[in-house]
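Participant: Following this message is one structure expressed as structure tokens.
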Amino acid sequence: MSLIDKYGRVHRDLRVSLTDRCSLRCTYCMPFNFDKWLPSETLLTAPEIVKVIEIAVSQGIKEVRLTGGEPLLRPDIVEIVSRINALENVPELSMTTNGVALAKVANELAKAGLKRINISLDTLDWERFKRLTFRDRYDDVIEGIAAARAAGLAPIKINTVLMRDINGDEALPLLKWALKESLNLRFIEQMPLDAGDAWTRSNLITADEIYNQISSEFELTPVAERGSSPAEEFYINGGPATVGIIGSVTRSFCANCDRLRLTSDGQLRNCLFSNEETDLRSILRNRNLTEREKLEDIVKAFGLSVKAKLPGHGINNPDFVKPVRPMSAIGG
């Protein structure tokens, strides 16, 4: 089976949010006093999550990324990874995390079947990290990166959001550090998905600006095959090391998007910026349906969601409306 939309895009990637909660308060994501959490009883259980993934795989999904919020806040995170890895057709499994709790579970996650990991880190300065996240956890993130390497997770990708007048001067220091540590660095344009509505286009550090900063000291050569990857990859000084730039706002990659998203409360989304969702939780918890009927309804829901997908996110359209849910409640 294949999930093909009306623009010919084949969907192979499912991003699965495990929780909307987070252990940091990054200024581009949520206010330091944010408390509008999803009710815990609405969150999908481990068996429900795995059931949806199993059905998605039967429809052509090849890759699954576990996200949040912060996925490591789920006490059953190792169980979830293990259950996914036990499926008959195992998808390629990865995770995006802030790294704060990673040192404690990296080895267990690797043994349970996790292959790759993305770790968010926006600064190499301890004081700046505290100002950005409202938490003194910089050392924990660095320890988490080391633990991921020791556990054999590879590649380890570092996700960085640069913000004007905050950490916009760290493109080169971060890249030099990543090269020294043999980490794959990816810069991501800040998107209008923050819970505090603080995003402004005037404060956006664009992909072009990032490229110009790092090309001032490094020779960048485009990697030929991008496929459906959100990142434009560049060889550094001829390779083999690369750096990625994700221009979500100014260099849209919507034409090649192959992603769907499942929120932690069981809503299927066909675009990060969509305001339309399909309620899979209600199907999963409908006691009037047989297991066979649930499966059929979820398969149908995936198909309808894909067919309703728009050609692009529309951020640059005059009539763009920001999603009601913030990034933390959608899943990265």
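Participant: Do we find that residue 72 is modelled with pLDDT under 95 and either β-branched (Val, Ile, Thr) or farther than 24 Å from residue 308 by Cβ (or both) in this structure? Before you say what the answer is, go through the steps one by one.
Facilitator: Details: modelled with pLDDT under 95: no; either β-branched (Val, Ile, Thr) or farther than 24 Å from residue 308 by Cβ (or both): yes.
It is false that residue 72 is modelled with pLDDT under 95 and either β-branched (Val, Ile, Thr) or farther than 24 Å from residue 308 by Cβ (or both).
Participant: Among the residues of segment 310-328, is any in contact (Cβ under 8 Å) with a residue 24 or more places away in the chain, outside any strand (DSSP E or B), within 22 Å of residue 67 (Cβ to Cβ) and of a type in the set (S, T, N, Q)?
Facilitator: yes
Participant: Quick one: which residue in 42, 19, 27 is polar (S, T, N, Q) and within 21 Å of residue 95 (Cβ to Cβ)? Quick ask: steps written out before the conclusion?
Facilitator: Values: 42 fails: within 21 Å of residue 95 (Cβ to Cβ); 27 fails: within 21 Å of residue 95 (Cβ to Cβ).
Going through 42, 19, 27 in turn, the sole match is 19.
Participant: Please work out if residue 226 is of a type outside the set (Gly, Ala, Ser), surrounded by fewer than 16 Cβ atoms within 10 Å (Cβ to Cβ), touching a helix residue (DSSP H, G or I) at 6+ places or on another chain (Cβ under 9 Å) and under 23 Å from residue 171 (Cα atoms).
Facilitator: For residue 226, the condition - of a type outside the set (Gly, Ala, Ser), surrounded by fewer than 16 Cβ atoms within 10 Å (Cβ to Cβ), touching a helix residue (DSSP H, G or I) at 6+ places or on another chain (Cβ under 9 Å) and under 23 Å from residue 171 (Cα atoms) - is met.
Participant: Could you tell me which residue of segment 79-126 is nearest to residue 59 (Cα to Cα), considering only residues that are among the acidic types (Asp, Glu) and touching a helix residue (DSSP H, G or I) at 6+ places or on another chain (Cβ under 9 Å)?
Facilitator: Only one residue fits best here, namely 88.
Participant: Okay, next question. Tell me which residues, restricted to segment 223-266, are of a type in the set (S, T, N, Q) and in contact (Cβ under 8 Å) with a residue 40 or more places away in the chain.
Facilitator: 228, 242, 248, 250, 252, 256, 263, 264
Participant: Also: Anything in segment 297-332 that is surrounded by fewer than 14 Cβ atoms within 10 Å (Cβ to Cβ) and of a type in the set (Asp, Glu)? List them, or say none.
Facilitator: 319
Participant: Okay, next question. Could you please find all residues in segment 277-296 being surrounded by fewer than 17 Cβ atoms within 10 Å (Cβ to Cβ) and either not small (Gly, Ala, Ser) or not in a helix (DSSP H, G or I) (or both)?
Facilitator: 279, 285, 286, 287, 288, 289, 290, 291, 292, 293, 295, 296 - these are the residues of segment 277-296 that are surrounded by fewer than 17 Cβ atoms within 10 Å (Cβ to Cβ) and either not small (Gly, Ala, Ser) or not in a helix (DSSP H, G or I) (or both).
Participant: Separate question: Please enumerate the residues belonging to segment 137-168 that are closer than 21 Å to residue 93 by Cα and surrounded by fewer than 17 Cβ atoms within 10 Å (Cβ to Cβ).
Facilitator: If the condition is that a residue be closer than 21 Å to residue 93 by Cα and surrounded by fewer than 17 Cβ atoms within 10 Å (Cβ to Cβ), then 146, 149, 150, 152, 154, 155 are the ones that fit.
Participant: Same structure again: Which condition breaks for residue 215 when tested against (1) within 20 Å of residue 121 (Cα to Cα); (2) out of contact with any helix residue (DSSP H, G or I) (no Cβ under 7 Å at 6 or more places or on another chain); (3) not aromatic (Phe, Trp, Tyr)?
Facilitator: That leaves (1) as the condition not met.
Participant: Take segment 277-318 and flag every residue that is over 15 Å from residue 263 (Cβ atoms) and either touching a Pro at 6+ places or on another chain (Cβ under 6 Å) or polar (S, T, N, Q) (or both).
Facilitator: Result: 286, 288, 290, 316, 317.
Participant: Now for a separate question. Looking for whichever is surrounded by fewer than 18 Cβ atoms within 10 Å (Cβ to Cβ), in contact with a strand residue (DSSP E or B) (Cβ under 9 Å, 6 or more places away or on another chain) and not in a loop (DSSP other than H, G, I, E, B) here; the options are 185, 179. Which one fits?
Facilitator: Of the residues listed, the single one that is surrounded by fewer than 18 Cβ atoms within 10 Å (Cβ to Cβ), in contact with a strand residue (DSSP E or B) (Cβ under 9 Å, 6 or more places away or on another chain) and not in a loop (DSSP other than H, G, I, E, B) is 179.
Participant: Now, a different point. Return a yes/no flag: does segment 96-108 have any residue that is in a strand (DSSP E or B), under 17 Å from residue 183 (Cα atoms) and either free of Cβ contacts under 8 Å to residues at least 24 places away in the same chain or of a type outside the set (A, V, I, L, M, F, W, C) (or both).
Facilitator: yes
Participant: Let me ask another. Can you tell me how many residues within segment 285-321 are of a type outside the set (S, T, N, Q) and more than 24 Å from the chain's Cα centre (by Cα)?
Facilitator: 13
Participant: Condition first: in contact (Cβ under 8 Å) with a residue 12 or more places away in the chain and over 17 Å from residue 175 (Cα atoms). Now tell me which residues in segment 147-160 satisfy that.
Facilitator: Hits for segment 147-160 are 147, 148, 150, 151, 152, 153, 154.
The values are calculated or read from the model by the stated rules, or taken from the named source; none is laboratory data. Being a predicted model, the structure only gives us computed values, none of them experimental. So basically every Cβ, Gly included, is an ideal-geometry build from the backbone, and we count neighbours across all protein chains shown.
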